[in-house]
1. Using a 1.4 Å probe on protein heavy atoms only, how many Å² of accessible area do B and D hide from each other, summed over both chains and rounded to 100?
2. Roughly how many debye, to the nearest 20, is the charge dipole of the protein assembly as shown about its Cα centre, given +1 on each Lys and Arg Cβ, -1 on each Asp and Glu Cβ, and no other charges?
3. When a/c reaches 1.5 or more, the comparison of a/b and b/c decides; with that in mind, is region C:5-94 rounded, prolate or oblate per its Cα gyration tensor?
4. Can you compute the charge dipole magnitude of region A:3-533 about its Cα centre, using +1 on each Lys and Arg Cβ and -1 on each Asp and Glu Cβ, nothing else charged? Give it in debye, rounded to the nearest 20.
5. Where in region B:143-172 does accessible area fall by at least 10 Å² between the isolated chain and the complete protein assembly, at a 1.4 Å probe radius?
6. For region D:419-567, with all protein chains present and a 1.4 Å probe, just round the carbon and sulfur fraction of the accessible area to a whole percent.
7. Can you work out the FRET efficiency for the pair residue D:682 and residue D:734, with r the C-beta to C-beta distance and R0 = 45 Å, to the nearest 0.05?
8. For the charge dipole of the protein assembly as shown, defined by +1 on Lys and Arg C-beta atoms and -1 on Asp and Glu C-beta atoms about the Cα centroid, which residue among D:432, D:354, D:299 has the Cα displaced farthest towards the positive pole?
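The values are calculated or read from the model by the stated rules, or taken from the named source; none is laboratory data. Here the structure is a predicted model, which is why all the values come from computation and not from measurement. Ideal geometry is used to build each Cβ from the backbone, glycine not excepted, and the neighbour counts take in all protein chains shown. Each accessible area value is taken on the protein alone, full model and side chains, heavy atoms only, with ligands, DNA and RNA left out. Shrake-Rupley method; radii C 1.70, N 1.55, O 1.52, S 1.80 Å.
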Amino acid sequence: MSWLLTILVFLPTVGALAVMVAPQGVVKWVAAVFTGVTFLLSFWLYIGPLVHMGFLGPLNNTGGFGTVMSPAWMDASPWIHFTVGSLQLNIDYRLGADGLSIFMLILNAMLSFLAVIGSWHIDKRPREYMALLLILETGVMGVFCAFDLYLFWLFWEVELIPMFLLIAIWGGRRREYAAWKFVLYTIFGSAFMLGGIFLIYFMLGGQTGIYSASFAFLASHQVAGNLLVGGAAISAQLAIFLLLYLGFAIKIPMVPFHTWLPDAHTEAPTAVSVLLAGILLKMGAYGLIRICIDFAPAGAHLFALPLAILGAVNILYGAGCSLVQQDMKRLIAYSSVSHMGFVILGVAAAVGPGATNAAFKEAALTGAAIQMFSHGAITGMLFFCVGVLYEKAHIRDIDVFGGLQARMPRLTWIYTFAAMASLGLPGLSGFVAEYLIYTSVYAIYPAQTIVAASAMIITAGYLLWMIKRSFYGPLNPHWSGIADASILEMAPLVMLGVVVLIVGIYPGWLVDLLRPSLHQIIQNVNGSVAGLHR
Amino acid sequence: MDLASIVFLVFAAILVGSALAVVTLRNIVHAALFLVLVFGAAAGIYILLNAEFIAIVQILVYAGAVTILILFSIMLTQNPNSRSSNPLNRQALIAAGIAALLCAGIIFALSQNGAIAGSASQAVTANVGNAVNIGTLLYSPTTYSYVLPFEIATLVLLVAIVGAIVIGREEE
Amino acid sequence: MLLSLNSFLVLGALLFCIGLFGALSKRNAVSVLMGIEIMLNAVNITLVAFSSAFQKSAHGARLTGQIFAVFIITVAAAEASVALATIIAVYRRRNSVDVTDINLMKW
Amino acid sequence: MSFFVTDIWVIPALPLLAFLLNILVLRPFFDLSNRDKGHAAEAAAAHGAQGHGANTAAGHDEAHGNVGDPEQHDIGHAEASPDDAYVRALDTLDGHIDTPAAIPRALRTAEKTPGGYALVQLVEDAEQHPHHPHGSPTIWARINGYMGILFMGLAFLWSLGLLVALMQNPALQRGETVPIYTWISVAGLRYPIDFYVDSLTAIMLVIVTAISLLVQFYSQAYIEGEEPRGYSRFFAWLSIFSLSMLLLVLSSNFLLIYMGWELVGLSSYLLIGFLAKDAAKPEAGRPSPGAAALKAFVVNRVGDFGFLIGILILFTATGTFVFTDIPARLGPINLALLTVAMILVFCGAVGKSAQFPLHVWLPDAMEGPTPVSALIHAAKMVAAGVYLVARTFPLFHLAGPQALTVVAYIGGFTAIFAASIALVQIDVKRILAYSTISQLGYMFVGLGVADTIGPGIFHLMTHAFFKALLFLGSGGVLLAVSMNQDMRKMGGLATRIPLVAFPFLLATLSISGFPFFAGFFSKDEIIAQTWEHGDYILYAMTLATAFLTAFYMFRLWFLTFGGKGGKFGGLWGGEYRGTVAVKKPDFRVWLPLMILAVPSVFAGFWGWSSVGGNFNAFITGHPLTPAFANPFTSPLTIFGVGASLLGIALAWGMYGLQVVPRNVFVSNPLGRGFATVLWNKYYIDEIYLAFVRYVVMGLSKVASFFIDRRIIDGIINGAGSGVVAFGRGLRRSESGRLQNYGAAIFGGTLVIAAVFFAVVYFGK
């Protein structure tokens, strides 16, 4: 079974090849089958360890789904090893999945499947479209289960190409601008990221004598010492953290590196928007948790306060911008900026000061991780909703609608459901993450939490105002012939809705899944923070 | 000053003068004629350097064949509308500057370079049996020779001939 | 010492630069070709001069310079024929041999 | 322990089950499929009918202003009545949050259609006007309704059983935690979903389930008359409303209470916006239901924000959410911090219970169907705030005295503030809305000044009954007069719909504090408490409010049910000013009213020691001192009763007997000005609107359109176009001419040579 991760990563690529050679009529079916099979297989990531541990056994005692050191799933083989003089470059093909990875992998498999379903109406070069979607899935899968830093970076870049093409070919009016902006922003960040990877790899290699980029090694060894930058000595870990973080911050995205997001979201086709918001943003958040703060905890600690401030600013700024958008997709894109701020805030608290607050820190990190998952599902729903509307009306401006509830009751209620989930209604997954983050971050950064929490008013305002302007009031006669969402269109929405509901009502299973991974990270952080203050 | 030096000076003067004429004259036919003079004077220089084989080849190929080619193409491409058949372009001044600087640079380098300074003042001396030696060096199948490059050169010539015919022929 | 190597090298340099000026500054393609021929001759003079200056060595006669000159003359002949054929082809198509009108060497 | 306590989860599970069955089983499989088929026929029928029926024509008139009705002129203008000031204010009234902006925006697309928006709007109005309902609910929709009623009835029985069990076993009254499950548990922090049962819970459960049951029963008739196509959806929303309120009431900790809190917000959002197709009616000062729902949710969120911060302070200080654990774990917490936390928690109550300054959502919430108003006002939403303060009362006690002082003064100020606004309103439901705000103020005064939660909760209970009655009664009136809410087109309805009027009168007496009615006991107890605790400012406020309450409630009564020519000096029946034929409501309307009339009259006796009432002892374990337990032992009661009787008398004199001229207060400029301010609700809506529109939206626009578009994108695009410009400049060097390239090659050679020379010669 150790091949499962490799299969999960490359099955979509095989699917892409199959799509390229399949007869025209069955292209969508082939894509749906491959993503569907990947989706079903991805469940085994979760169920397999459970079966192994005795079904639904006590997860805490058996180590659960493992940590980055000893993940529940591992698939590794040597790859590139060469030595030139004192320069050693050891890159391994190393895939792994612990709790933190597993649920992102499942989310990715699910959203990719739903994206194929939600793209059923695409009639512009469907073959290439589906193939690119499948390659995108491979890239993202790879990012979430690469356990070698170079491999991670490789997959990180692989994902760019299909995304660029998907936006640039199937996008809206300004698709080329948006696609270029997306790619240039990301490449700008990943250049710094690569610098950070080299820095941590060679510094750690020089200090320990072992040149390895495997996650287990990086998580168990810390870079020490200072780095001379322009004559000033700064902590090497801080430098590593900042370099890596810049790459992730653009992806998350963090203000002020967020302006690619509204453009990319607005121009991308519906399913791509879903993937973009549901998965690609999470790559940044995942990298922040998995790599930045685990491999450079002392650096992260030194940057915790700015990080918390940036997180709070993100939340409020994104919410404010959402309030004045005319385009539904743009509004949701800005709401993504706002919601991803919670991840930043949670992570900031997790690496923040206060040795006695370990419990709150772990809760904050758990909240950040759950926010990744929940935002993926909720924003996916919102984009699908807009997609349904756009398919029928060919316009997304909020103001041109009005009173659609009379003609589209199904869409109205599922849209309201998604909006409520997004604004953090209890019983739905958004609330779980936000409440965890509020209640834990407040112990560490009260002022930032208050600023962040004030956004909950604005969030309710912009989402419900959008609903009100589109769906309430007398029916705008222009739309009197509009049809309600079909069963095919409702399917992804309902599926995501069920996920949102389950996580919202009983988030315990998700927390159990995450606990060992996050616990290890928190221990790492606390250990090196203690070292820093000694 | 011996006779050889005088002969060198004369040939050198003819060379430089006619080369200047080639690049400055407005009439391209005149320029082509001066080019013949350049080729001939160059052959003289070769003889002065005891390279009589090269000199003969120079006369044969350059003064004979290339000049004729050039004159033919001048004839074939003569544009009756152009008043001046051999005008300068806009970057002539820049080209002149570059050429002058390059020349000055080379001469400066020659005067400065100590590595060949010793042999630079060395006299060029007679070399008997030059053509025989060249023939040996070019064609000898047994000793060290340039047979392979020579064969390649023939191939180049062949390709050039074919190419010239293909490029230059009238299109149907 | 007038017949020293340096004299020939200076002569070669002068000729080369004159040819270069011609190749860079002429509008007429045939003129450019003539400049290039002058440059080739200058190089030949230099090579032959070196050949003569260093002909006596431990390893016997050194005629490499002259062999090079032979090859250069060969290739120059080939070049001239192809170049002139090209000029004629261009002329046929454009009715002009002005190289400033030909600006196709770009992406 | 009684199984009523250990299996308390049954109570919230019942409405949850009803909701799930409704939306997952009955609605998708039966109701929707049936309705889709019937829809076209219904619409066609309605189209044919419109313009023929008398109701339609009259309804149209009402919706579009006072046109050509002499009687209306009579009351509206010719008489120069006190209403005059605000009638004219009404003419110049500019609208609500959505109106000035929304309509031009809608026009943006509608302009393209031939005939323009306005004309189409009229046709649409006629077609879809909910006041002219067409069709009737399908049988499956009705089954949804019956199911909701049945399940709520079971929940009510269970609650009643619980109450009885608690009454019989005083040991249980002091509280019992019933664990349900652990929501999250991280690193020792526990987020529990647990229930807590004590006598306060039991009382609230009974109130909530009883009112819900009656309202659901009543809704059958009402929704059939107002929006039959949303019949089962309405019952689904009602179920989820009950569910969230029950979760809130049952919660043992700040986590679950916050969840219930927000879910109540959701339910109110859905229910207030139930009549989603309605447009705003700026001429009546009414927003659209959608706007009202939005406003309710967002304003509540403002309060929730404070509530959340309060929870955060307490949680991070103690590490627990559980109410009963917090005091023990408080430890050396700063008293000031606790006080701040409790004031912040009270912020949530201010939002939900519509206290000043977050009261603005409640009057607009009247855009929901009337049963919803009854639920929100009597038992559910607004009671939540009072319940929250009562539930966390031990913490308020531990905190500094400032916390409860804030509670009391916010309550007192809101009471008189809202009562003053109610004086001049002409919309039946709005008067009742302001009276609710005012009465909630009383409850907070009660909680704030008394050392016990008894008086506040007592008033909460009595108020729940009589306010539910008043709202359901007003709903009966609206059904009778085809959804006209303007009192100027009513009058004399008592003789026309006596079965509605009679319980309504009892409730009016009760709220006015007429002796021996329920409201009298609970309200007087609070007024007396303020005096007893030496808080004379609050005493004056509450006493004045009692007078105002009696006045405006009887003004409402006389303008609606009584009037000129009625029996008993205009008290019962009289001249009817409307044009619509009055319809007699059926038993589904008047039966709940009659049932509610019983507790509205007699519930007060539970707090009257002379008849053995011991409400306070049941709730808190400590009986009240006799001075409070029996109002007739205190001389102060005279003032309370006097104030209310004076109010009743004044209203009778002005509107019933008409011996006091109506313009007695507004004949002078000062009075007129004051009336205009009152009519405009102290312009608070306008201030908030300006704040939102110019400050919040302004800053957001700066962020989005200036910082994002100009500065950040400017830098990005500037960097991009800089590179492009550089490349474009560089491209000029690529002329395509060989000679240029040759010059560059040799020039470059020269440069390299020069550099090499410089390095070799000057580098030494």
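1. 700 Å²
2. For the protein assembly as shown, the charge dipole is close to 1820 debye.
3. oblate
4. With Lys and Arg at +1 and Asp and Glu at -1, about 720 debye.
5. B:146, B:149, B:150, B:153, B:156, B:157, B:160, B:164, B:167, B:168, B:170, B:171
6. 70 percent
7. The computed FRET efficiency comes out at 0.05.
8. Of D:432, D:354, D:299, it is D:299.
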